[in-house]
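Written below as structure tokens is the structure these notes are about.
The values are calculated or read from the model by the stated rules, or taken from the named source; none is laboratory data. All figures in this text were calculated on a predicted structure; none of them were measured in a lab. Cβ: placed from backbone, ideal geometry, glycine included. Neighbour counts: every protein chain shown.
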Amino acid sequence: YATAADVPRISVEDAKKEFDAGAALIVDSRGEQAYAQEHITVSINIPGGSAEEKFAALPKDKKIFVYCSCASEGSSSHLAFQMNKKGIANTYALVGGTDAWSKAGYPMERKQQ
């Protein structure tokens, strides 16, 4: 992709289908505190600005769906773009992030108060 704006988007419905089929990994691009408060149950946390060594642990044979909690996929598309620049070909930004996932009724983990 030429810029973060060029990162393809994927709907939560399509992302869930791909994940359930074993074809994808879901990555939370938010900071560790936000991830600790709530996150998509099946996701791993790689905050934006993370060391690129974390990218090396990502599977090359799966699609990588990156999400954040902002409405415009700003953080998620930026991280997906960074991953793509480092050779991870199949990166996507999850449309609507945590809000869309939760509203669709898909599992979230929330910190107990």
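Yes/no matrix, rows are residues, columns are (1) under 19 Å from residue 5 (Cα atoms); (2) hydrophobic (A, V, I, L, M, F, W, C); (3) touching a helix residue (DSSP H, G or I) at 6+ places or on another chain (Cβ under 9 Å):
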position	(1), (2), (3)
46	no, yes, yes
53	no, no, no
58	no, yes, yes
61	no, no, no
69	yes, no, yes
73	yes, no, yes
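Tell me whether the range 10-31 contains one or more residues that are part of a loop (DSSP other than H, G, I, E, B), modelled with pLDDT of 95 or more and of a type in the set (Val, Ile, Thr).
No; the residues of the range 10-31 include none that is part of a loop (DSSP other than H, G, I, E, B), modelled with pLDDT of 95 or more and of a type in the set (Val, Ile, Thr).
Conditions (1) in contact with an Asp or Glu (Cβ under 6 Å, 6 or more places away or on another chain); (2) surrounded by 12 or more Cβ atoms within 10 Å (Cβ to Cβ); (3) at positive phi, marked per residue:
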residue	(1), (2), (3)
70	no, yes, no
73	no, yes, yes
81	no, yes, no
91	no, yes, no
96	no, yes, yes
102	no, yes, no
112	no, no, no
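Could you tell me which residue of the range 90-113 is nearest to residue 48 (Cα to Cα), considering only residues that are in a helix (DSSP H, G or I) and free of Cβ contacts under 8 Å to residues at least 60 places away in the same chain?
Restricting to residues being in a helix (DSSP H, G or I) and free of Cβ contacts under 8 Å to residues at least 60 places away in the same chain, the top hit is 97.
It is to be established whether one or more residues within the range 69-76 are modelled with pLDDT under 95, under 18 Å from residue 103 (Cβ atoms) and of a type in the set (D, E, K, R).
Yes, that holds for at least one residue.
Are any of the residues in the range 72-87 part of a loop (DSSP other than H, G, I, E, B), under 13 Å from the mean Cα position of the chain (by Cα) and not hydrophobic (A, V, I, L, M, F, W, C)?
Yes; the residues of the range 72-87 include at least one that is part of a loop (DSSP other than H, G, I, E, B), under 13 Å from the mean Cα position of the chain (by Cα) and not hydrophobic (A, V, I, L, M, F, W, C).
In this structure, is residue 47 in a loop (DSSP other than H, G, I, E, B) and over 12 Å from the mean Cα position of the chain (by Cα)?
Against the criterion (in a loop (DSSP other than H, G, I, E, B) and over 12 Å from the mean Cα position of the chain (by Cα)), residue 47 does not qualify.
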